[in-house]
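S.K.: Would you mind keeping the following structure in view while I ask a few things?
The values are calculated or read from the model by the stated rules, or taken from the named source; none is laboratory data. In this text, all values refer to a predicted model and were calculated from it rather than measured experimentally. Methodologically, a virtual Cβ is constructed for each residue, glycine included, from the backbone with ideal geometry; neighbour enumeration extends over all protein chains shown.
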Amino acid sequence: MGTMELIDQHGRVATDLRVSLTDRCNLRCQYCMPAEGLDWMPTEETLSDDELIRLIRIGVEQLGVTDVRFTGGEPLLRRGLPAIIAATKALSLRDESGAPRTAMTSNGLGLKRTAQALADAGLDRVNISLDTTDPEVFARITRRDRWQDVVDGLQAAQDAGLGPVKVNAVLLRGHNDTEGAALLRWCMERGYELRFIEQMPLDAQHGWNREAMITAEETLALLSEEFILTPQSGRGSAPAEKFLVDDGPHTVGIIGSVTRPFCGDCNRVRLTADGQIMNCLFAREESDLRASLRGGASDAEIATRWAAAMMTKLPGHGINDPSFLQSDRPMSAIGG
Ligand code: SAM
């Protein structure tokens, strides 16, 4: 076992690996993808299950990864998902304290049927994206009439023990920006932990605009009209600032990626479905592990290349710099 780690020039160590299983999705959320979808990655460029599992193994065994989150695109569209989870859960952490922790970020469609199998395969937790309690608003934002399927998926995740079940929401001006408090109430009633994410410049259409974004501050002001929010300490490297709602026990999270960046505490690294390492969601450079893999590189060579890819991780995402340039890769092809 190696002693290498995924450290960057600023001393941050990545232990949280986000693995994108596909760039495809069955929703068309306005802040993510155009109505007609995108040109999906060609199959031959996408890592096979075995290739993916090999890279996850190298991350855990040689590079100190402790947490693996499956995302996309929509990870539930990947046929091999249960096998990939099981193979991840069969790995041992370098400190021999057990298996890596596993989580999935998903839109929840179809989870009603698969939640138990995923839990049985070793999935620990899920984050499900849901922006509204109103099926019509959902259909407008996602361009698909599937609100009830998401709600059923949430319930199934809860029943299968994939908790604490977290809900991710993005507020969009003119769509669901008046609904934050209602969504929080709805989540608390069901025991889901809600987190609001600021809209980021990651959409394929490059339509993000700062003035339209609902900021963390605005979200807090909206919620404070109905709830007493008390900041909680101990955020660590978690992206969400947590607030106790009224007297508890529920909390709400605010992820102010744009206006309250947390890059200094970042412990994340991303592997795309086509085998590229991205050291930041906003990175403009990628490191091609697929080429190494298919070129016959050894585990040690791949680990060295992966570790080297961390060295160019910038101190911050730079969204607020005048020179910021949005990546050519949309969120759906990076893994959110
Ligand atoms: N399909 C899965 C899902 O819906 O959760 C996983 C991938 S999705 C890209 C991950 C998360 O990113 C979702 O919660 C989604 O709402 C969020 N997201 C997508 N585009 C975003 C943007 N431009 N700004 C902020 N969050 C975004």
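S.K.: Of all residues in region 16-51, count the ones that are farther than 30 Å from Phe138 by Cβ, of a type in the set (Val, Ile, Thr) and crowded, with 20+ Cβ neighbours inside 10 Å. Break it down into steps so the answer makes sense when it comes.
M.R.: Within region 16-51, the subset farther than 30 Å from Phe138 by Cβ is 17, 42-45, 47-51.
Filter once more, so that each one left must be of a type in the set (Val, Ile, Thr): 43.
Still in the list and also crowded, with 20+ Cβ neighbours inside 10 Å: none.
Matching residues across region 16-51 total 0.
S.K.: Of these, Arg101, Arg125, Arg113, which one is over 20 Å from the mean Cα position of the chain (by Cα) and among the charged types (D, E, K, R)?
M.R.: Numbers: Arg101 fails: over 20 Å from the mean Cα position of the chain (by Cα); Arg125 fails: over 20 Å from the mean Cα position of the chain (by Cα).
Only one candidate qualifies: Arg113.
S.K.: Suppose we filter region 178-197 for residues that are within 11 Å of Thr219 (Cα to Cα), within 16 Å of the ligand (Cβ to nearest atom) and of a type outside the set (Val, Ile, Thr); how many remain?
M.R.: At the first step, the residues of region 178-197 found to be within 11 Å of Thr219 (Cα to Cα) are 178-181, 195-197.
Okay, now just the ones that are also within 16 Å of the ligand (Cβ to nearest atom), so 179-180, 195-197.
Still in the list and also of a type outside the set (Val, Ile, Thr): 179-180, 195-196.
The total comes to 4.
S.K.: Additional query: Would you confirm whether any residue within region 9-26 is over 20 Å from the mean Cα position of the chain (by Cα) and in contact (Cβ under 8 Å) with a residue 60 or more places away in the chain? Talk me through it step by step, then tell me what you get.
M.R.: Just the residues of region 9-26 that are over 20 Å from the mean Cα position of the chain (by Cα), to begin with: 9-11.
Then keep just the ones that are in contact (Cβ under 8 Å) with a residue 60 or more places away in the chain; that gives 9-10.
Yes; the residues of region 9-26 include at least one that is over 20 Å from the mean Cα position of the chain (by Cα) and in contact (Cβ under 8 Å) with a residue 60 or more places away in the chain.
S.K.: In region 209-240, how many are surrounded by 13 or more Cβ atoms within 10 Å (Cβ to Cβ), within 16 Å of the ligand (Cβ to nearest atom), modelled with pLDDT under 95 and not aliphatic (A, V, I, L, M)?
M.R.: Residues meeting the conditions: 1.
S.K.: Can you name the condition, by its number, that Leu76 falls short on among (1) touching a residue at least 40 places away in the same chain (Cβ under 8 Å); (2) among the aliphatic types (A, V, I, L, M); (3) crowded, with 22+ Cβ neighbours inside 10 Å?
M.R.: (1)
S.K.: Here is a check on your reading of the model: is Gly264 within 15 Å of the ligand (Cβ to nearest atom) and of a type in the set (Gly, Ala, Ser)? Step through it out loud before you land on a result.
M.R.: Details: within 15 Å of the ligand (Cβ to nearest atom): no; of a type in the set (Gly, Ala, Ser): yes.
The answer is no for Gly264.
S.K.: Also, quick follow-up: When region 92-108 is examined, which residues are found to be free of Cβ contacts under 8 Å to residues at least 40 places away in the same chain, away from the ligand (no atom under 16 Å from the Cβ) and within 23 Å of Pro164 (Cα to Cα)?
M.R.: Result: Leu93, Ser97, Gly98, Ala99, Arg101.
S.K.: Right, another one. Restricting to region 278-336, count the residues that are under 21 Å from Asp16 (Cβ atoms), in a loop (DSSP other than H, G, I, E, B) and within 15 Å of the ligand (Cβ to nearest atom).
M.R.: Looking only at that region, the number is 9.
S.K.: OK, next. Without any contact (Cβ under 8 Å) to a residue 24 or more places away in the chain and in contact with a strand residue (DSSP E or B) (Cβ under 8 Å, 6 or more places away or on another chain), is that true of Ser237?
M.R.: Values: without any contact (Cβ under 8 Å) to a residue 24 or more places away in the chain: no; in contact with a strand residue (DSSP E or B) (Cβ under 8 Å, 6 or more places away or on another chain): yes.
Answer is no for this residue.
S.K.: Still on this structure: Within region 119-139, can you find the residues that are farther than 15 Å from Ala156 by Cβ and either touching a residue at least 60 places away in the same chain (Cβ under 8 Å) or not aromatic (Phe, Trp, Tyr) (or both)? Lay out the reasoning, then the answer.
M.R.: Of region 119-139, the ones farther than 15 Å from Ala156 by Cβ are 122, 124, 129, 131-139.
The answer is Gly122, Asp124, Ser129, Asp131, Thr132, Thr133, Asp134, Pro135, Glu136, Val137, Ala139.
S.K.: So, of the residues in region 246-264 that are touching a helix residue (DSSP H, G or I) at 6+ places or on another chain (Cβ under 9 Å) and in a strand (DSSP E or B), which turns out to be surrounded by the most Cβ atoms within 10 Å (Cβ to Cβ)?
M.R.: Among them, the one singled out is Val252.
S.K.: Within region 172-195, track down each residue that is touching a strand residue (DSSP E or B) at 6+ places or on another chain (Cβ under 6 Å) and either more than 19 Å from Pro249 (Cβ to Cβ) or of a type in the set (Asp, Glu) (or both).
M.R.: Glu193
S.K.: Taking region 118-165 as the search range and keeping residues that are touching a His at 6+ places or on another chain (Cβ under 7 Å) and of a type in the set (A, V, I, L, M), which one is farthest from the ligand (Cβ to nearest atom)? Break it down stepwise before answering.
M.R.: Here is the first cut: in region 118-165, the residues touching a His at 6+ places or on another chain (Cβ under 7 Å) are 137, 140-141.
So of that shortlist, the ones also of a type in the set (A, V, I, L, M) come out as 137, 141.
Numbers: Val137: 14, Ile141: 9 Å.
Going through the qualifying residues, I end up with Val137.
S.K.: Say we look at region 15-38 and pick out the residues that are among the hydrophobic types (A, V, I, L, M, F, W, C) and closer than 30 Å to Met4 by Cβ; which of these is nearest to the ligand (Cβ to nearest atom)? Working first, answer last.
M.R.: Quick first cut of region 15-38, residues among the hydrophobic types (A, V, I, L, M, F, W, C) only: 17, 19, 21, 25, 27, 29, 32-33, 35, 38.
Now restrict to residues that are closer than 30 Å to Met4 by Cβ: 17, 19, 21.
Numbers: Leu17: 15, Val19: 11, Leu21: 9 Å.
Per the criteria, the residue is Leu21.
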